[in-house]
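Taking it in order: structure first as structure tokens, then the write-up.
The values are calculated or read from the model by the stated rules, or taken from the named source; none is laboratory data. Keep in mind that what you see is a predicted model, and the values were worked out from it rather than measured. Every residue, glycine as well, gets a Cβ built from its backbone with ideal geometry; the counts of neighbours run over all protein chains shown. Keep in mind that these areas ignore ligands, DNA and RNA; they rest on the heavy atoms of the full protein, side chains included. Shrake-Rupley method; radii C 1.70, N 1.55, O 1.52, S 1.80 Å.
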Amino acid sequence: MFSQPVVRDEHNVPLVRGFAKGIVEDLRVKLPWYWSDLKDAFHTKSLTTILYIFWGALANAVAFGALLGDATEGYMGATETLLATAALGMLYPLLCGQPLTIMGATGPIAAYIIALRSIGVSLGIPFLPLYAWSGLFLSVYLFLGSLFSVSNAIRKVTRFTEELFSVLVSVIFIYEACNYFVTLFINPEVSHGEAKAGLFVGLLTFFTATGIRGCRNGRLFNQWIRNRVADFAPVIAIFLGLGVSWLLIGHYGIDKIDLDFLPFTSGDITGTTLGTDVRPWLVDLTDINAAGIGLAAVGGLFAFVVIFFDQNITVRLVNASEHKLKKGYGYDMDMMALCLCTVLLSLCGCPWLVSATVPSLNHCRSLCFFGNEGGNDKQEDEERRIEEQSMKTLNKLRDLVSMSGVPEGDLDDAEKASSVRSVSESGLSHKDLVVAIHKESTSAIEMMSLPSGTEITGCLEQRITPFTTHLLILLALLFLRPALGSIPLAVLRGLFMYNGWSNLAGNEFWDRIWLFITDPKKFPEKSYVQVKLWKVHLFTVIQIVLLIGILVLMRSPAGFVFPIVIGLLHPIRLMLVKLPYFSEEEMELLDSHF
């Protein structure tokens with residue numbers, strides 16, 4: 001059964017499917033590739049990706065672990081987050097359908113855990129038992145969702161929801177980084193020299209990574225060298241930040257430049273943040289009443305909404321056609337693997353993990369091939385793509401010219417009249433046609449003049465880099481805790497900011513925000529620019545209001561219900577077409593599918 005080829009109908013995807021049909025289909029698609037997923041990892045890109053994502057995953061776990069530790073009084077802190085990230089990050093890529101995603105804590109999930117604790121405290125329900133029971137109910141919902149292919153619903157969602165959620169995640173990353181640097185200056189216990197040094201090192205890390213990443217489209221050296229340097233951009237930035245940090249400490253002394261470092265100790269690795277005497281690894285599931293279990297059932301359902309969007313939107317973004325993936329997808333396999341991981345995390349009182357958007361996209365893009373990096377097959381595919389695009393451009397130009405009704409040679413009066421009638425029938429003036437032809441020609445020239453090697457032509461799809469990345473985190477926790485304890489938090493916050501900023505690349509919602517202050521002559525060649533500008537701005541403002549509303553709700557006493565707003569994003573999008581401001585055609589241009 002699993003050896004038979006699978007042909008998927010991408011145009012008629014049901015919202016749900018019969019019992020286990022989807023996950024069986026996923027297994028039929030993914031299992032034939034499993035050996036390839038292991039052996040294909042032997043490539044130089046794997047090494048650069050592991051070195052990069054290691055620091056990103058570490059920074060992600062430390063940041064959200066510290067955030068949860070402060071909010072839960074240490075009952076769920078950095079130790080629990082790091083060990084969960086290391087252990088479950090190794091298990092998930094071996095079981096899931098899309099191993100290019102990276103398991104980690106995320107801003108929406110951290111905000112929901114904090115809100116869950118707040119409502120538990122207000123009702124006198126112990127946090128860890130409430131959390132564990134909520135996680136067990138969540139696992140049941142994930143299990144059922146996997147068996148009945150509930151993840152198919154995310155494929156009905158458009159850019160409106162996906163890109164708004166992606167920007168939400170980036171805003172959380174950038175906010176947490178900036179908040180750290182601002183806190184350095186307003187905290188009376190931090191010296192002015194330490195604050196300035198921390199800000200300098202963080203910005204140095206951010207701008208170095210951003211600048212080196214942009215050299216892929218530069219003019220120096222050849223494309224192969226530029227691609228290799230760009231692959232190592234975050235790694236170079238991290239080591240530069242580390243070097244400058246210790247150079248400043250060595251020059252001015254630890255008294256003046258007393259930077260914050262990773263909060264590691266040389267204690268027992270088996271200990272929790274508060275110690276196993278205060279907070280054991282296994283949660284006591286009996287320390288809760290019936291009302292608390294009932295609340296946990298609701299809490300697990302709300303958590304399912306957050307994780308459903310967080311997980312599936314990330315996988316959807318990784319599976320985007322621009323990444324040129326060849327091995328298919330497995331949304332139901334992803335949900336089943338997540339279900340198993342969630343059971344373990346809940347019983348141990350560790351934060352729930354999902355495919356984190358920013359690390360996952362950075363991992364995928366780090367493994368992408370540019371130009372002919374992937375070999376002759378990739379180069380032939382790229383040449384074929386350019387040839388097909390060239391044919392489409394020529395056909396468009398021919399249609400535009402034919403609309404003008406202008407024959408070759410001199411025109412007599414009858415021919416001029418015929419030309420005017422043809423233009424009138426098309427609804428465009430000669431000026432409009434000339435502008436359209438100019439835009440199409442400019443687009444064709446830009447496509448043909450694009451520097452060789454800057455277009456994504458493939459991706460190194462395999463399971464080893466995420467497994468190895470989290471294995472390194474586990475080994476570092478076991479054997480290199482003193483070394484990790486010498487890493488300034490400012491460096492990782494700079495990387496945090498870089499991860500959030502780089503995730504915004506190619507996001508049309510983010511691009512449309514900049515249209516408010518962009519010269520109309522410099523608008524990008526996107527479908528939405530064909531819509532009246534005030535309608536584009538109105539559509540963008542609606543998304544901005546929703547984004548701000550979610551952020552405010554997440555940090556309010558009613559934060560427990562913010563998953564409901566996330567779940568309503570797509571229905572709100574469907575309602576917009578009912579408004580008198582947008583037609584079906586305009587909405588398709590503003591909000592196309594991936």
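Hand me the list of helices (runs of 4 or more DSSP H) wholly inside segment 463-507 holding 2 or more residues that are more than 23 Å from Gly241 (Cβ to Cβ).
464-479
Kindly provide the set of residues from segment 453-503 that are of a type in the set (Ser, Thr, Tyr) and modelled with pLDDT under 85, ordered by number.
If the condition is that a residue be of a type in the set (Ser, Thr, Tyr) and modelled with pLDDT under 85, then Thr454, Thr457, Ser486, Ser502 are the ones that fit.
Which of the residues belonging to segment 455-477 are open to solvent by 10 Å² or more (accessible area, probe 1.4 Å), of a type in the set (Val, Ile, Thr) and under 16 Å from Leu47 (Cβ atoms)?
Ile464, Thr468
Of Leu123, Leu116, which residue is more than 25 Å from Asn362 (Cα to Cα), open to solvent by less than 10 Å² (accessible area, probe 1.4 Å) and modelled with pLDDT of 85 or more?
None of the other options fit; the residue is Leu116.
Answer yes or no: is there a residue in segment 161-182 that is out of contact with any helix residue (DSSP H, G or I) (no Cβ under 7 Å at 6 or more places or on another chain), at negative phi, aromatic (Phe, Trp, Tyr) and open to solvent by 10 Å² or more (accessible area, probe 1.4 Å).
Yes: segment 161-182 contains one or more residues that are out of contact with any helix residue (DSSP H, G or I) (no Cβ under 7 Å at 6 or more places or on another chain), at negative phi, aromatic (Phe, Trp, Tyr) and open to solvent by 10 Å² or more (accessible area, probe 1.4 Å).
Only residues that are assigned to a loop (DSSP other than H, G, I, E, B) and among the hydrophobic types (A, V, I, L, M, F, W, C): list them for segment 275-317, please.
Within segment 275-317, Val278, Trp281, Leu282, Val283, Leu285, Ile288 meet the criteria.
Residue by residue through segment 212-224, note down the ones that are modelled with pLDDT of 75 or more and either open to solvent by less than 60 Å² (accessible area, probe 1.4 Å) or not in a helix (DSSP H, G or I) (or both).
Matches in segment 212-224: Ile212, Gly214, Cys215, Gly218, Arg219, Leu220, Phe221, Asn222.
Determine which single condition Asp287 fails, assuming it passes every other condition in (1) within 23 Å of the chain's Cα centre (by Cα); (2) at pLDDT 85 or above; (3) surrounded by fewer than 20 Cβ atoms within 10 Å (Cβ to Cβ); (4) of a type in the set (D, E, K, R).
(1)
Quick one: is Gly145 touching a strand residue (DSSP E or B) at 6+ places or on another chain (Cβ under 9 Å), small (Gly, Ala, Ser) and buried (at least 23 other Cβ atoms within 10 Å of the Cβ)?
Here the answer is no, as Gly145 does not meet what is asked.
Are any residues in segment 225-245 open to solvent by 60 Å² or more (accessible area, probe 1.4 Å), touching a residue at least 60 places away in the same chain (Cβ under 8 Å) and over 23 Å from the mean Cα position of the chain (by Cα), and if so, which ones?
none
Has segment 430-437 got any residue that is part of a helix (DSSP H, G or I), open to solvent by less than 70 Å² (accessible area, probe 1.4 Å) and at pLDDT 80 or above?
no
If you take just the helices (runs of 4 or more DSSP H) that sit entirely in segment 23-97, which of them hold at least 2 residues that are in contact (Cβ under 8 Å) with a residue 40 or more places away in the chain and among the polar types (S, T, N, Q)?
44-71, 78-95
With the requirement that a residue be closer than 22 Å to Ile23 by Cα and surrounded by fewer than 22 Cβ atoms within 10 Å (Cβ to Cβ), what does segment 322-335 give you?
Within segment 322-335, Leu325, Lys326, Lys327, Gly328, Tyr329 qualify.
Hey, can you tell me all the residues within segment 545-587 that are in contact (Cβ under 8 Å) with a residue 12 or more places away in the chain, in a helix (DSSP H, G or I) and of a type in the set (D, E, K, R)?
Across segment 545-587, the qualifying residues are Arg573, Glu586.
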